[in-house]
Amino acid sequence: MVTILGIESSCDDTSAAIIRDGVVLSNVIAGQKVHEAYGGVVPELASRAHQQNIIPVVDQAILQAGIKKEELNAVAFTRGPGLLGSLLVGTSFAKGFVSALNIPMIEVNHLQAHVLSHFIKQDEKDINQPSFPFLCLLVSGGNSQIILVRSHKDMEVVGQTIDDAAGEAFDKCAKVMGLPYPGGPVIDRLAKMGNPKAFQLSKPNIPGYDYSFSGLKTSFLYLLRDHLAQDPDFVENNQADLSASLQATIIDILMNKLSKAAKDLKIKEVAVAGGVSANSGLRKAFEEYAEKYKWKIHIPPFAFTTDNAAMVAMSGYFKYLDKEFTALDIAPFSRINI
């Protein structure tokens, strides 16, 4: 049996998880409410909160898994990309923990971990993992990428945003509407009550499989400005329709490029990952496209959509099997490709 402790601290969620032979035994996440007042993540506050949270979170993960720390074979930690101060907390803890137990340490790429979240088993009978090769749409607050996954170790970004990410577009448009942070889930909730065709928003014409969302944000801002000049209560009276129109446009942009890539690369197995994969409209679109194009789709459980340590432990499990261990003098990085 191979038992891995995963540690995730790339942004504002402190998470620890235990995975044994691919089966998740625990996945504990501590969020940080402090950022809501600022409308976004404050890096200094995030790193301080990680320092407070990491020991109790790891303790709970081991406790809930029903194991002893001596049963661990290795510790996997997120090396990057992410906020450097936050990553330093997780990296430093991992170094101390493996030194005390005299077990290997495994560095994990945060983006690859999101993709590999699809291989996490809920129990030993879980056989819903993707087959290679497959396409994965990775959508979050910081990333919008189409990834060709040939194996656990061989991933190629075939399309990505040239400016803003889809999740960032959700959050920033929500902010100009005066909605609370994080805005993505609020937009999703309001969109269910609105008309997705109420307002027309611009869609970019970007070659290949790349994305762009900066023009959409500008288009949305101008739409609000023009209507507010005529009606000061425009946003308040049209929240649902604005949310539905924005969400439908973002999803349309995402799915058009994804379906084009799937057709050109002749791939019928398609997955979605990242925080925006929790969006109900995107999940519904995946089901509709699967029916239309005969895709076999993989949509992660909600627990594995946002930043979580189970996906880090899963990635670490595959690296452990290949004996890809990390030296203790390793330093985290804030930016890196998949």
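Summary table below
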quantity	calculated
Selected residue [exposed (fewer than 14 other Cβ atoms within 10 Å of the Cβ) and either at pLDDT below 95 or within 16 Å of M255 (Cα to Cα) (or both)] from P182, P207, P196	P207
Of all residues making up the stretch 252-279, the number that are within 21 Å of E168 (Cα to Cα) and open to solvent by less than 40 Å² (accessible area, probe 1.4 Å)	14
Filtered residue count, the stretch 304-338, keeping only those that are in contact with a strand residue (DSSP E or B) (Cβ under 9 Å, 6 or more places away or on another chain) and closer than 16 Å to G22 by Cα	13
Helices (runs of 4 or more DSSP H) within the stretch 171-278 that include 1 or more residues over 25 Å from the mean Cα position of the chain (by Cα), of a type in the set (V, I, T) and over 30 Å from P133 (Cβ atoms)	234-237
Output for the stretch 73-85, where each listed residue is within 19 Å of N27 (Cα to Cα) and open to solvent by less than 10 Å² (accessible area, probe 1.4 Å)	A74, V75, A76, F77, T78
Boolean, A309 is under 19 Å from P81 (Cα atoms), at pLDDT 95 or above and out of contact with any helix residue (DSSP H, G or I) (no Cβ under 8 Å at 6 or more places or on another chain)	no
Subset tally (residues that are open to solvent by 60 Å² or more (accessible area, probe 1.4 Å) and part of a helix (DSSP H, G or I)) for the stretch 301-330	2
Helices (runs of 4 or more DSSP H) contained in the stretch 33-146 and holding at least 2 residues under 30 Å from A262 (Cα atoms) and in contact with a strand residue (DSSP E or B) (Cβ under 8 Å, 6 or more places away or on another chain)	110-116
Condition check for F333: open to solvent by 30 Å² or more (accessible area, probe 1.4 Å) and in contact with a His (Cβ under 6 Å, 6 or more places away or on another chain)	no
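The values are calculated or read from the model by the stated rules, or taken from the named source; none is laboratory data. Values in this document were obtained by computation on a predicted structure and should not be read as measured data. Positions of Cβ are generated from backbone atoms using ideal geometry, with glycine treated the same way; all protein chains shown enter the neighbour counts. To get the accessible areas, we keep the full protein, side chains included, count just its heavy atoms, and leave off ligands, DNA and RNA. Shrake-Rupley method; radii C 1.70, N 1.55, O 1.52, S 1.80 Å.
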